[in-house]
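The structure appears below as structure tokens.
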Amino acid sequence: MSRDRFFSILKFLRFSSPENVKKDDPKTRIEEYLDVLRERSQSVMKPGKHIAIDEALIMWCGRLGFRQYIKTKRARFGVKAFVLCPSDEEWQGYSWNFHLYYGNDTYMIEHPNASRLSVSGRIVVFLMKDLLNSGRHVITDNWYTSLRLADYLETQRTLLTGVVRSGRGPPKEVQDMKWDKKQSVFARKGNALVVKWMDKKDICVLTTKYTANIVEHKKTYFGNKTVFFNRPLHSEKYNQKMGSVDLADQLLEPYHYDRKSLAWFKKIGIHFLFRIALNAFITYRNACRGTTEFLQFLEILCKELLTEHNLGAAALVEVYTIQKVHGPRLQQPSSNIHHFVKWEEQKKQKRCRVCHPVRKATRYYCAGDPGICSVEHFKTWQSEGKGKEKKTRTQEQESSTSLSEEGLDQPSTSGTVHRPSMALPSTSGTVPRRSGRISGKARQKRNLSSSEESI
């Protein structure tokens, strides 16, 4: 594909039907495309027992009504996308469900008692709507987790574990307690268990799945220094299961595919196209157990797509095999079809047949060995020159034959046949120079003059 062709496709790239686009509803420009990608992703696999929900920020610094600012993200400004990923080890990084954030009224759900939830809680239920009442375990960060969300998910037979903010569930007594590093305290309300653990800073984790257990954790520092210490079970499991969405961002980050564009939906569409390619890579890796890297997989994927769609109009034509018929050829092959101008490597030159009145030497020649000085003259020679030359040669042969018959074979009145006189050698012993070819008209004049002299 040429550069201009690529930029032409990129210029007119759209992700929705023109009749479905509404000026006052920006999601109509991209949501139809995202529905197709979401359906394909969910048709490949079903998430396991553990699920992680987090947000991804797609960088966009232009004017946009639903642009977000997250200071902890590298991009900081952009379009926020909520992503649901399986937390199983072999499927980490697979984007099973995803939605863009268009505003607080985007995630209005009809589940009973869901109206009491905050915006972040409704987003979790919205992404989990096809996976509720199946005993799955959801892991979220502190923007989503709350005691109210944990109680609601428990009614939907779904468990929750996540870091919780101080004002969303932990009792005040637990919040005010202070202790040394690597110490922890537990508090329970119903089936919800809250643990506050002091690492580098206070961390409060809420869970409806795990119990108040302590596990031994091993940490290796620089220089092969190993340290063992105790930490709560919830914190250990949270760190193991929560990194699925971040892993997808880490795999996509080295291959910078974003392009500057004045149309926000182009950047969003290309981002999710690569996210779906990452889903295909994870599926391929689980099926084949190979060692192919993501970059190599992208190259193979592009080649396969180009091979599949590179037939063009030939793919629409049915090809039939015709058996060879043995017999005489009905039409002789023409020398005017399918041959090319050749180049004489040696120093020999020929005169151009089209520029015949003007002496013009060239090293290019046709398959029939006439000289051709340019492509335009090659076309002229193929269409007109051969026919004119053959016609001229035929006329010359016919005229010479007719003239010879009139001048040499015409009988005289005396009954004798007059022939042209031959030149005799001179008495000085010198041989006269032999003349070149005599044309038909010259021969006729000489015959007439000799006949007059004889008379």
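The values are calculated or read from the model by the stated rules, or taken from the named source; none is laboratory data. Quick caveat: nothing in here was measured; it's all calculated off a predicted structure. Positions of Cβ are backbone-derived with ideal geometry, glycine not excepted, and every protein chain shown enters the neighbour counts.
Quick look at the numbers
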| item | result |
| --- | --- |
| Residues (more than 29 Å from LYS303 (Cβ to Cβ) and in contact with a Ser or Thr (Cβ under 8 Å, 6 or more places away or on another chain)) located in region 1-26 | ASN20, VAL21, LYS22 |
| Single condition GLN250 does not satisfy, out of (1) of a type in the set (S, T, N, Q); (2) farther than 15 Å from SER95 by Cα; (3) part of a helix (DSSP H, G or I) | (2) |
| Region 192-224, residues that are farther than 19 Å from ASN142 by Cα and assigned to a loop (DSSP other than H, G, I, E, B) | THR211, ALA212, ASN213, PHE222, GLY223, ASN224 |
| Residue, surrounded by the most Cβ atoms within 10 Å (Cβ to Cβ), within region 101-148, restricted to residues that are at pLDDT 85 or above and of a type in the set (D, E, K, R) | ARG122 |
| Meets criteria (in contact (Cβ under 8 Å) with a residue 12 or more places away in the chain and out of contact with any Leu (no Cβ under 7 Å at 6 or more places or on another chain)) for ASN213 | no |
| Any hit, region 234-241, residues being assigned to a strand (DSSP E or B), surrounded by 12 or more Cβ atoms within 10 Å (Cβ to Cβ) and among the hydroxyl-bearing types (Ser, Thr, Tyr) | no |
| Sole residue being in contact with a Ser or Thr (Cβ under 8 Å, 6 or more places away or on another chain) and under 30 Å from LYS218 (Cβ atoms), chosen from ARG136, ARG168 | ARG136 |
| LYS11 vs. criteria loosely packed, with under 11 Cβ neighbours inside 10 Å, at pLDDT 85 or above, in the same structural domain as VAL125 (by TED's automatic domain parsing) and over 21 Å from ASP249 (Cα atoms) | yes |
| Some residue of region 20-27 being in the same structural domain as LEU251 (by TED's automatic domain parsing), in contact (Cβ under 8 Å) with a residue 40 or more places away in the chain and not basic (Lys, Arg) | yes |
| Any hit, region 80-100, residues being farther than 30 Å from SER134 by Cα, surrounded by fewer than 18 Cβ atoms within 10 Å (Cβ to Cβ) and under 28 Å from the mean Cα position of the chain (by Cα) | no |
| Search result, residues across region 1-45 that are in a helix (DSSP H, G or I) and within 12 Å of PHE272 (Cβ to Cβ) | GLU31, TYR33, LEU34, ASP35, VAL36, LEU37, ARG38, ARG40, SER41 |
| Per-region count, region 169-191, residues assigned to a strand (DSSP E or B) and within 21 Å of LEU149 (Cβ to Cβ) | 4 |
